[in-house]
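**Q** What follows is a structure written as structure tokens; I'll ask about it next.
The values are calculated or read from the model by the stated rules, or taken from the named source; none is laboratory data. What you see is a predicted model, and the numbers here were worked out from it, not measured in a lab. All Cβ positions, glycine included, derive from the backbone under ideal geometry; neighbour counts span all protein chains shown.
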Amino acid sequence: MEMSNWGVPNADNQAFQYCFPNNNLSCTRSIRPEAEYIAVYIFVAVTSVFTVFLNLLVIISIAHFKQLHTPTNVLIFSLAVADLIAGLILMPVQGMKLIEPCWYFGEIFCSIFPLILYVVVVASLGTLIIISVDRFIAVNDPLRYPMKVNNNRAVVSVVVNWLFSFIYNFYLLYEFLLYPERNHTCIGECILSFNLENIILDAFVCLVVPCCIIVPLYVKICFVANYQAKHLNSVTDKNARSEKKAARTLGIVVLVYLLFWTPYYLYSLSGGHDENDALIIKVMDWIVCMNSCMNPLIYAMFYRWFRLSAKYILTLKIFEPSSAYLNLFPEEK
């Protein structure tokens, strides 16, 4: 018999609705105040659009202006692509899950969405590790940096990083990709669950190992940059200050990423979760996605080239002849 009542009271006299009213296997959801839905959806829409807009500025800037075609910016470009995907796909869906328990996107997208989510975030993390290595070489061995690091090698490292992210997450999600309905109790549900072994493996690969690589590198970078700033001559000292500023800016990007991700992994490893923790998990997933709008804001705060390139893009100067050769690094007084 098909369900005909759209809103009915449950045992606790709380009204709820069926996700799919015409299906007797449908999941149910409690009825929330309309204002709550409107507020959440406006917040999610504004944040997603803001994230897409800012990361598009980064992508267009690095792709268009010749002065920005450097190995470090190739890595920033990769990070911006991941953040753009997060703004286009991940943030809207994760935002909807904050308030909407029903899954309306079908079984296929239910199985694909976690793969997109984790490929993007792991690729972002891998890019941050590569950026840390790049900055360490630039500060620790500036004379041989151009010989050790070039655009081609940066592109290869980005491709390898994304391939690793895809293979690693495909391994973790293999069973879920094949049988997404295994953990479902009704239609309109999309639940991803990991066993403890995979949670520990993921925490080790995506938290412990990156911290063990990134933190020592940036500690070393700080010591070397400070030494160079104090002891080198004025010409070299200018370069040292530039490298130190770049390392500091990208170090902030790394620190913010870890601050957004660490609570998620610590909670995942804590165990003892029950149904009442579902909202906490959704909020943490959203916080992870929110990191994607932070990186362009950091660039805007610390990189003058980003502010200038954004100005040229928004004023449509990039459509002028030879705009790709505009100077984004005017001499500072």
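**Q** Which of the helices (runs of 4 or more DSSP H) found entirely inside region 123-203 contain at least 2 residues meeting this: surrounded by 19 or more Cβ atoms within 10 Å (Cβ to Cβ)?
**A** On the way: elements: 145-148, 151-172, 174-178, 196-203.
The helices (runs of 4 or more DSSP H) meeting that bar are 151-172.
**Q** Further question on the same structure: Can you run down the residue pairs with Cβ atoms below 7 Å, 6 or more apart or on separate chains, where the first is in region 102-125 and β-branched (V, I, T) and the partner is at pLDDT below 85 and part of a helix (DSSP H, G or I)?
**A** That search, which allows pairs on different chains as well, returns V121/V288; V122/C206.
**Q** Let me ask something additional. Check region 90-100 and report whether any residue there is among the aliphatic types (A, V, I, L, M), farther than 28 Å from E189 by Cβ and free of Cβ contacts under 8 Å to residues at least 40 places away in the same chain.
**A** No.
**Q** For region 285-304, enumerate the residues that are of a type in the set (D, E, K, R) and in contact (Cβ under 8 Å) with a residue 40 or more places away in the chain.
**A** The initial filter retains those residues of region 285-304 that are of a type in the set (D, E, K, R), namely 285, 304.
Of everything in region 285-304, just one residue is of a type in the set (D, E, K, R) and in contact (Cβ under 8 Å) with a residue 40 or more places away in the chain, namely D285.
**Q** Please determine whether any residue of region 259-275 is modelled with pLDDT under 70, over 28 Å from I130 (Cβ atoms) and acidic (D, E).
**A** Yes: one or more hits.
**Q** Scan region 135-158 and report the pairs whose first residue is assigned by TED's automatic domain parsing to the domain that holds N226 and whose second residue is among the acidic types (D, E), with Cβ atoms within less than 8 Å and a gap of 6+ or a chain change.
**A** R135/E243; A138/E243; V139/E243; P142/E243; K148/D141; V149/D134; A154/D134
**Q** Separate question: Among the residues of region 279-333, write down those that are part of a helix (DSSP H, G or I) and small (G, A, S).
**A** Start the filter on region 279-333 by keeping residues that are part of a helix (DSSP H, G or I), which leaves 279-302, 304-314, 317-319, 323-325.
Those that are part of a helix (DSSP H, G or I) and small (G, A, S): S292, A300, S309, A310, S323, A324.
**Q** Of all residues being out of contact with any Phe, Trp or Tyr (no Cβ under 8 Å at 6 or more places or on another chain) and closer than 18 Å to F105 by Cα in region 23-37, which is modelled with the highest pLDDT? Just the residue, please.
**A** Within region 23-37, the first condition is being out of contact with any Phe, Trp or Tyr (no Cβ under 8 Å at 6 or more places or on another chain), and the residues that meet it are 23-25, 32-37.
In the following step, the residues that additionally are closer than 18 Å to F105 by Cα were identified as 23, 25.
Numbers: N23: 75, L25: 78.
So the residue we want is L25.
Here's the yes/no breakdown for (1) in the same structural domain as L143 (by TED's automatic domain parsing); (2) among the aliphatic types (A, V, I, L, M); (3) at pLDDT 80 or above:
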residue	(1), (2), (3)
K220	yes, no, yes
F223	yes, no, no
Q228	yes, no, no
N233	yes, no, no
D237	yes, no, no
R241	yes, no, no
A246	yes, yes, no
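**Q** Which one is surrounded by the most Cβ atoms within 10 Å (Cβ to Cβ) among residues in region 283-326 that are at pLDDT below 85 and among the β-branched types (V, I, T)?
**A** It comes out as V288.
**Q** Every residue in region 248-258 that is modelled with pLDDT under 70 and closer than 20 Å to F204 by Cβ, please. Spell out the reasoning first.
**A** Going through region 248-258, the residues modelled with pLDDT under 70 turn out to be 250.
Passing the criteria: none in range.
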